[in-house]
1. What residues qualify as long-range amide H neighbours of residue 191, i.e. H under 5 Å apart, gap of 5 or more or another chain, H built at 1.01 Å from N?
2. Taking amide hydrogens as modeled 1.01 Å from N in the peptide plane, which residues meet the under 5 Å criterion relative to residue 278, leaving out close sequence neighbours?
3. Quick one: order 57, 293, 38 by neighbouring beta-carbon count within 10 Å, fewest to most.
4. Under the Karplus relation 6.51 cos²θ - 1.76 cosθ + 1.60, θ = phi - 60°, what is the ordered set of whole-Hz ³J(HN,Hα) values for the stretch 311-318, x standing for Gly and Pro?
5. Output the DSSP H helices from the chain with an along-axis C-alpha extent of no less than 18 Å and a mean Kyte-Doolittle hydropathy no less than -1.0.
6. Relative to the present Cα-Cα distance, how much length would full extension add between residue 292 and residue 59 at 0.36 nm per residue of separation?
7. Which order do the peptides 135-143, 257-265 take when ranked by the mean count of other beta-carbon atoms within 10 Å per residue, highest first?
8. Which one of 154, 238, 215 has its Cα pushed farthest toward the positive end of the charge dipole of the stretch 137-274, where Lys and Arg give +1 and Asp and Glu give -1 at the Cβ?
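Please treat every number below as a calculation from the coordinates, not as lab data. Remember, predicted model here, so these are calculated numbers, not experimental data. Positions of Cβ are backbone-derived with ideal geometry, glycine not excepted, and every protein chain shown enters the neighbour counts.
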Amino acid sequence: MRLILLLGALLGIPGVSAMDIIAHRGASGYLPEHTLESAILAHGQGADYIEQDLVLSKDNVPVVLHDIHLETVTDVEQRFPERARDDGRFYALDFTLAELKTLRVHERTDEKGVPVFPHRYQGNGLFRIATFEEQLTLIRELNRSRDKSVGFYPEIKSPKWHQQQGRDISAIVLAILRQHQLDDANAKIFVQCFDFAELKRWRQELGAKVKLVQLLGENDWQESDSDYDYLKSEQGLAEIASIAQGIGPWIEQLASFHQDGIELTGLMQRAKAKGLLVHPYTLRADQLPGQTSWAQMIQLLAEDLAVDGVFTDFSDKAKAAF
Ligand code: CA
């Protein structure tokens, strides 16, 4: 790959990259995350993969949303004020697809309505929630019309929570992948999940053939019951490698950022020794760790770590850099 990159650079071949650019929630640095418009822009910006976080609607349709809650990215609290649960939150699972389609999607805010990234898009472009199948069809058609081969990168969100609500999100998503001939180890798609028990279930119980990526968080995030300290160990990585093709660690699990420099943690080498691909998250031009510059991050990811891919809100800038 390195040689190809070098040859590509020498011969001036565009688009030959050593690293896969994964458009994190589409072109989320520029447009409200996970909308069709955000996916279209990411496609135009040269992403290699476009990510779809998935949760279920009341009528069991996988929709592209980062959270099981709706209020931080939609106007649900104005349109359906009486539909919050006792905890004051609005759950996608309590709304039919037809109802979800009436909501307007906006740039992400916190629970008080304050924009998380105030300098990003703040207009009202009449954006809507997209279904997983709408994104699959959109990207496939764009691949055809633009002569590209952009891949898919769906994430199964909160599978245990869905299970507790009586829903099997994994079985529903896998059925859709099979309808679209995407449950295939050779197809340009990775399925990702933070929950290791669920990812094992995809391979062992549901018989999935598609490439799988284990996401790694920190145990105190309470993202799932998985023990990420164990999963980052040699034994844990070996167990991941028995069912999955890669890991998706937080960048700060690969390197720690200090006043006086950047130190590699060794996770990259341990993962490579098990034959795993490494796709860290999230490269943000407007939110870099510590005192790190964009150029330092590029150097770190491309040269010092030599990761296989990166999740980024800025596919255009990443594509230009790698
Ligand atoms: Ca995600």
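1. Those lying under 5 Å, H to H, from residue 191 are 211, 212, 213.
2. 247, 308, 309
3. Details: 57 21, 293 9, 38 27.
With the sparsest Cβ surroundings first, the list reads 293, 57, 38.
4. Working through the residues one at a time gives 7, 9, 7, 10, 4, 5, 5, 5 Hz.
5. On the way: long enough: 132-146 (21 Å, -0.92).
Going by DSSP H runs, the hits are 132-146.
6. Working: separation 233, 0.36 × 233 = 83.88 nm, distance 4.50 nm.
That pair, residue 292 and residue 59, stretches by 79.4 nm at full extension.
7. So the order, starting with the most tightly packed, is 135-143, 257-265.
8. Among 154, 238, 215, the one farthest towards the positive end of the dipole of the stretch 137-274 is 154.
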